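Following: one structure in structure tokens, then a few remarks.
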Amino acid sequence: MEYALVLIKPDGIIKNLIGPIFTKFSQTNLKIFACRMVATNFELARKHYQHIKDQPFYQQVIDYLLGKYHGQNKVLVIIYGGSNAVRKCRVVAGATNPEEADPNSIRGAFGRITQQGVYENIIHVSSDAKEAKREIKLWFFPDQIEERIFPVKTVKSQNGFKAVWK
Ligand code: ADP
């Protein structure tokens, strides 16, 4: 079993592409383990994009995820699981650069590069299984996933006990 985190970015939400995106991913026959609408914030965006913090487009990408180009900061985060989940999801997503992406992929069909050079590529997909694990633990609490896909531990909370990632 392998997991992949897919995130529909603010442009995908505002362009009403949730339906078409799910349809494209249904070709993979992967199983959805969880799905959640999240309002992004700087801490989430910074942690999510820690691997590109030295890139010249870093600030643009943070602003993009924070919804600064689309007037709203909601994203839809989805966990897909199954054999080769990352590779299958990345094929459906298409290349990072939407102008180079296969026209039948999500980024090729719906993405664009703005005049300011922002790659508005509609979705994020984890780059490998290890990164998927890190991202899933960032965007989901254990109790927001109906199955225990990764180990948890129980800690004391205000109202009793709660599960946190190990
Ligand atoms: P991917 O999202 O395909 O895994 P990366 O992790 O390399 O690609 O990049 C993260 C995000 O940064 C991309 O999805 C895209 O929004 C943006 N990005 C990547 N490369 C560029 C670039 N050369 N110019 C502008 N934005 C870029």
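The values are calculated or read from the model by the stated rules, or taken from the named source; none is laboratory data. What you see is a predicted model; the values in this text were computed from it and never measured. Note that we place each Cβ from the backbone using ideal geometry, even for glycine, and neighbour counts take in every protein chain shown. Protein only, heavy atoms only, side chains kept; ligands, DNA and RNA dropped before computing areas. Shrake-Rupley method; radii C 1.70, N 1.55, O 1.52, S 1.80 Å.
Most mobile of GLY94, GLY108, GLY117 per a Gaussian network model of the chain (Cα springs, under 10 Å)? With Cα springs under 10 Å in the chain, the top fluctuation among GLY94, GLY108, GLY117 is at GLY117.
Here the sum of -39500 (n - 2.57) over DSSP H runs of 4 or more residues, divided by the residues of the chain, equals -8500 deg cm²/dmol at 222 nm, to the nearest 500.
Could you calculate the contour length gain from GLN50 to ASP102, that is, 0.36 nm times the residue separation minus the distance between their Cα atoms, to one decimal place in nm? Each step should come with its number before you reach the end.
Working: separation 52, 0.36 × 52 = 18.72 nm, distance 2.71 nm.
That pair, GLN50 and ASP102, stretches by 16.0 nm at full extension.
Counting charges near ALA163 (Lys, Arg +1; Asp, Glu -1) among other residues having Cβ under 14 Å from its Cβ returns a value of +3.
P(r) tail, the range 84-166: Cα-Cα pairs separated by more than 14 Å, 70% of all pairs. Considering only ILE136, TYR49, ILE122, the residue lying farthest towards the positive end of the dipole of the range 36-166 is ILE136, judged by Cα position with unit charges set on Cβ. Simple spin-label estimate for ALA95 and GLN27 gives 1.7 nm between the two label positions (7 Å along the Cα-to-Cβ direction from each Cα).
Where does the chain land on Rg/Rh, using Cα atoms and the Kirkwood Rh?
Numbers: Rg = 16.0 Å, Rh = 16.4 Å.
Rg/Rh for the chain comes to 0.97.
Placing a label point 7 Å from the Cα of LYS153 along the Cα-to-Cβ direction, no residue of the range 27-55 has its backbone N under 17 Å from that point.
Rolling a 1.4 Å probe over the protein heavy atoms gives the chain an accessible area of 54 Å² per residue. Label separation (PHE141 vs PHE161): 1.6 nm, computed from points 7 Å beyond Cα along the C-beta direction.
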